1. For segment 137-153, take each phi angle, set θ = phi - 60°, evaluate the Karplus expression 6.51 cos²θ - 1.76 cosθ + 1.60, and give the result in whole Hz per residue in order, putting x for glycine and proline.
2. Ignoring ligands, DNA and RNA, what percent of the 1.4 Å accessible area of segment 73-144 is carbon and sulfur?
3. Grab the other residues whose beta carbon is less than 12 angstrom from that of A91, score K and R as +1, D and E as -1, and report the net.
4. What would the Debye formula give as log10 I(q)/I(0) at q = 0.19, 0.21 Å⁻¹ for the alpha-carbon point model of segment 44-134, no solvent?
5. State the extension gain, in nm to one decimal, for the chain segment bounded by D186 and F152, taking 0.36 nm per residue of separation less the distance between their alpha-carbons.
6. Using Cα positions and a limit of under 16 Å, work out the aspartates and glutamates in reach of K177, with same-chain residues fewer than 8 apart set aside.
7. Find how much the distance from E174 to S103 grows on full extension, using 0.36 nm per residue of separation minus their present alpha carbon separation; answer in nm with one decimal.
8. Using amide H atoms built 1.01 Å from N in the peptide plane, name the residues 5+ places from Y111, or on other chains, whose amide H lies under 5 Å from its own.
Amino acid sequence: MSVQQSRITARTRCSMREIALLPSLCLLFFLLVSCCQAARQGQDIRCGACRALVDEMEWAISQVDPKKTIQTGSFRINPDGSQSIREVPLARSEGNLLELMESVCERMEDYGERTDAADNRKSYVRIKSRNGEAMDLSEATLDSRVTSSLKFACEAIAEQHEDELIEFFSHETENVKDKLCSKRTDLCDHALKIPHDEL
């Protein structure tokens, strides 16, 4: 075999290896894109669940009579004969907030998924009215897999961030969605661009 034939044979083998690697590279690229999309979808679900949880908590708190109060503190008598008891609004008491957090994630079934045409990000909007009024559902879809994912994410957030939720809701705070979901917990890295009244 001549040197020239050896070179041609070596090039042919090289080309055949490259051709054989092409499907593997395509598969690897597809898997990488799929993983990125799945990670983004998971983040969209967690972010949407956090923002919906905040919206539902704020609504539930607003439904409690603001005049109702509850005594908190220690009922033990101090050495000077006084007690460390104070009255706080019932709506923002720790007991009421814990009670609300136990049922808030059930309301995730009232949410549908909306896809932003510009960046293909998912957001979650209420599709069932709290007071029976008709709602515009033209841009939202209802999917039981989505609502169960939202509920699961909501329950995880309520469990993992219970202290933060109580901290934010025990006082009236503005923009809780941004402060809790984006800045404190990093559940929504992109959410600072989402309007406050989206939910």
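1. With coefficients 6.51, -1.76 and 1.60, one gets 10, 5, 9, 10, 10, 9, 9, 5, 5, 5, 5, 5, 5, 4, 5, 4, 5 Hz.
2. Here carbon and sulfur together make up 46 percent of the probe-accessible area.
3. The answer is -2.
4. -0.93, -1.04
5. Difference between extended and current length: 10.5 nm.
6. D44, D55, E56, E58, E162, D163, E164, E167, D186, D189, D197, E198
7. Value of the extension gain: 23.2 nm.
8. I127
The values are calculated or read from the model by the stated rules, or taken from the named source; none is laboratory data. For clarity, every value in this text was computed on a predicted model and none was experimentally measured. Cβ: placed from backbone, ideal geometry, glycine included. Neighbour counts: every protein chain shown. The protein model used for the area step is the full one, side chains on, heavy atoms only, and it has no ligands, DNA or RNA in it. Shrake-Rupley method; radii C 1.70, N 1.55, O 1.52, S 1.80 Å.
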